[in-house]
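Novice: Handing you a structure now.
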Amino acid sequence: MGTSSKLKCTHCDFSCGRMKGLELHIISTHGFQSARDAYISFHHNGNEPRCGCGCNEAVTWSWSKGFSRFRSGHNGNIDACYDADEARRIRELRSSSLTGRIGWALGLTKENSETIRKRTEASSVGIRKSFDEGRRSWNKGRRASNDQRIAEHARRARAEFASGKRVAWHKGKTKESSDGLRKMSTSISQRFSDRALRDRLTALKRLSSEEIIDRLRTYATSLELVSNVQQYTRDRHNNLVFRCRSCGSANERSLLSALTNRCYICNPNGSKDQLEISKFVRSLGISHVISNRSEIAPYELDIWSSPAGIAIEYNGLYFHSECFKEKNYHSNKTALAAARGIRLIHIFEDEWRDQREIVESMISHKFGVTNRSIAARKCEIRIIESAVRKKFFDATHMDGDAPARIAWGLFYKDELICCMSLRKPMNSKYTGAIEICRFSCALGTQVIGGLGKLTKAARSWANESGFTSIMTYVDTRHGDGKGYLKVGFNLIGQTPNRFWWTDDVNRYDRFVFRANSKAGLTEQQVAKMAGVKKIWGCPNLILTLPT
């Protein structure tokens, strides 16, 4: 999140204006999995606070406010959440704060007040979402037999009803004498009437056992029904067990699902390209799952390897453009994954299609599986010509080559296996600095100490040439900057989210479509005329090294 004030590290003097920068500092410098873990270590001696109502569930947290005392809605019953004296004090405080005051909403309803209407609509959306995400209904699955708070509440309620202190609201009333009871009984009667009608219609549409078997023989040729056909109730009910004839896996599913003739083990969810990436990862010997929705809910991890702690996100150009994904979608997903200790790698559709060898080499390197590993001390360092540099980066770097002032290469037995190029920074605020614009290794090759050796040469040259520092950017779509930090660079911040233009087939640099002041056209108008829209990525880390 952005903020105008500095966020300070709890373990050292580092401060940063953005939460993402602080998180990266804590992970890279102090070895914590997330800023949350660092906060728990410093303020709570490593013990994460839980809900104060006694349910032992997790509570919300923020760097500025710390941990909440309760989960949302769990402090509603003050007698269950506080001791008797504190509950009495809260009850008296609430009572005195209302005595003699007239509420601003007295007499207003959502029918006669626009303010009330908007609030009820917003509350309805928020409450429904909190129930769907499991953040409400704290007592779900709990009863007096397994929860002391519910047992105590039930005991107290029984005693109050027995003594006459509490009386049921409908006692002595009938639907003839009470308008509330009349409406309730009418509603219940109508609901049961509708249910009976639905059941009759369902019975008319229900297939016979002979029809079910006939359809399965015709359409579900790769699946075998292993449960009793009499268990069938409706087409969409998961009450039949089928076994795949190919892999032998069995699972419970609906008849309608089985008629698709698809085994979810042999043919899991995901796009064609996502399945191709999964197949490649599996060829490296890396175990993983596809379309995981539990690790960073409600987001989905397209490919998730728990043993490696690495996930891959495949971003199709059409469905991941700004028409479907907002500006911070990918960066938020990356930050949430990082907070869970997951290293998330983003791959765009055109990268997998047009630069597959480079992407496969990058994935192999992230998982620690490379064809060869060479020590930089065994290599000779040379200044290389622009033509050699261009050919190397076009073949090995995700962004291809870029014009540069100078470039060095590491040669192993006369083979160029690692390269770094420098240029004048495009951002004019970095005066006196020289920028590392490209660094990469040959495909399928790990050069141990390569970045350090080339940085040392670049630093010496920059010092002799009058530059005060070296700076570079790291795209957090697939990098974390730890390699640069290891060789002495300092993290000083990050850029806003990167973006490109896309026509749903290819991506174009953001400078390709710009406002045309001569023609009086804004950037949006130029893009609309060209038939392109934005597709957002993640921020770049900014790192510097004094010469």
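The values are calculated or read from the model by the stated rules, or taken from the named source; none is laboratory data. Only a predicted model underlies this, so the values are computations on that prediction, with no experimental measurement involved. Note: ideal-geometry Cβ built from the backbone for every residue, glycine included; neighbour counts use all protein chains shown.
Novice: If Ser41 satisfies every condition in (1) within 22 Å of the chain's Cα centre (by Cα); (2) within 23 Å of Arg343 (Cβ to Cβ); (3) not aromatic (Phe, Trp, Tyr) but one, which is the exception?
Specialist: It is condition (1) that Ser41 fails.
Novice: Related question: I'm trying to understand the selection: among the residues of the range 61-74, which are modelled with pLDDT of 75 or more and surrounded by 10 or more Cβ atoms within 10 Å (Cβ to Cβ)? Show your work before the answer.
Specialist: From the range 61-74, those modelled with pLDDT of 75 or more are 61-72, 74; that's our starting set.
Trp61, Ser62, Trp63, Gly66, Phe67, Ser68, Arg69, Phe70, Arg71, Ser72, His74, listed by residue number.
Novice: Any residue at all in the range 424-446 that is assigned to a loop (DSSP other than H, G, I, E, B), touching a residue at least 40 places away in the same chain (Cβ under 8 Å) and at positive phi? Spell out the reasoning first.
Specialist: Residues of the range 424-446 assigned to a loop (DSSP other than H, G, I, E, B): 424-432, 442-444.
Now narrow it down to the ones that are touching a residue at least 40 places away in the same chain (Cβ under 8 Å): 425, 430, 442-444.
With the extra rule that they be at positive phi, the set shrinks to 444.
Yes, the range 424-446 contains a residue that is assigned to a loop (DSSP other than H, G, I, E, B), touching a residue at least 40 places away in the same chain (Cβ under 8 Å) and at positive phi.
Novice: Is the range 456-465 home to any residue that is surrounded by 14 or more Cβ atoms within 10 Å (Cβ to Cβ) and part of a loop (DSSP other than H, G, I, E, B)?
Specialist: Within the range 456-465, none of the residues are surrounded by 14 or more Cβ atoms within 10 Å (Cβ to Cβ) and part of a loop (DSSP other than H, G, I, E, B).
Novice: Please find, within the range 487-506, the residue that is surrounded by the most Cβ atoms within 10 Å (Cβ to Cβ) out of those that are among the hydrophobic types (A, V, I, L, M, F, W, C) and touching a Ser or Thr at 6+ places or on another chain (Cβ under 8 Å).
Specialist: Quick first cut of the range 487-506, residues among the hydrophobic types (A, V, I, L, M, F, W, C) only: 487, 489, 491-492, 499-501, 505.
Add one more test, that the residue is touching a Ser or Thr at 6+ places or on another chain (Cβ under 8 Å), and what stays is 487, 489, 491-492.
Numbers: Val487: 15, Phe489: 24, Leu491: 20, Ile492: 12.
Only one residue fits best here, namely Phe489.
A quick yes/no check of all residues on (1) in contact with a helix residue (DSSP H, G or I) (Cβ under 6 Å, 6 or more places away or on another chain); (2) in the same structural domain as Asn332 (by TED's automatic domain parsing); (3) modelled with pLDDT under 95; (4) loosely packed, with under 14 Cβ neighbours inside 10 Å:
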site	(1), (2), (3), (4)
Ser278	no, yes, yes, no
Arg282	no, yes, yes, yes
Ser287	no, yes, yes, yes
Ile290	yes, yes, yes, no
Ser294	no, yes, yes, yes
Ala297	no, yes, yes, yes
Glu300	no, yes, yes, no
Pro307	no, yes, yes, yes
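Novice: Take the residues of the range 9-60 that are among the basic types (Lys, Arg) and out of contact with any helix residue (DSSP H, G or I) (no Cβ under 8 Å at 6 or more places or on another chain): which is modelled with the lowest pLDDT? Reasoning before the result, please.
Specialist: Of all residues in the range 9-60, those among the basic types (Lys, Arg) come to 18, 20, 36, 50.
Keeping just the survivors that are out of contact with any helix residue (DSSP H, G or I) (no Cβ under 8 Å at 6 or more places or on another chain) gives 18, 50.
Details: Arg18: 82, Arg50: 86.
Filtering first and then ranking leaves Arg18.
Novice: Between Asn146, Asn139, which is of a type outside the set (Ser, Thr, Tyr) and surrounded by fewer than 11 Cβ atoms within 10 Å (Cβ to Cβ)?
Specialist: On the way: Asn139 fails: surrounded by fewer than 11 Cβ atoms within 10 Å (Cβ to Cβ).
Unique residue meeting the criteria: Asn146.
Novice: For the range 52-66, check the following and say yes or no: at least one residue is more than 30 Å from Ser331 (Cβ to Cβ), hydrophobic (A, V, I, L, M, F, W, C) and in contact (Cβ under 8 Å) with a residue 24 or more places away in the chain. Quick ask: steps written out before the conclusion?
Specialist: Taking the range 52-66 as the starting set, the residues that turn out to be more than 30 Å from Ser331 (Cβ to Cβ) are 52-56.
Pick out the ones that are also hydrophobic (A, V, I, L, M, F, W, C) and you get 53, 55.
So of that shortlist, the ones also in contact (Cβ under 8 Å) with a residue 24 or more places away in the chain come out as 53, 55.
Checking the range 52-66: at least one residue is more than 30 Å from Ser331 (Cβ to Cβ), hydrophobic (A, V, I, L, M, F, W, C) and in contact (Cβ under 8 Å) with a residue 24 or more places away in the chain.
Novice: Starting from the range 217-233, keep only residues that are assigned to a loop (DSSP other than H, G, I, E, B), then list their pairs with residues that are among the aromatic types (Phe, Trp, Tyr) whose Cβ atoms are within a distance under 7 Å, requiring at least 6 positions of separation or different chains.
Specialist: Hits for this filter: Val226/Phe242.
Novice: Residue check: is Arg405 closer than 22 Å to Asp509 by Cα, more than 36 Å from the chain's Cα centre (by Cα) and assigned by TED's automatic domain parsing to the domain that holds Ala462?
Specialist: Details: closer than 22 Å to Asp509 by Cα: yes; more than 36 Å from the chain's Cα centre (by Cα): yes; assigned by TED's automatic domain parsing to the domain that holds Ala462: yes.
Taking the combined requirement at face value, the residue satisfies it.
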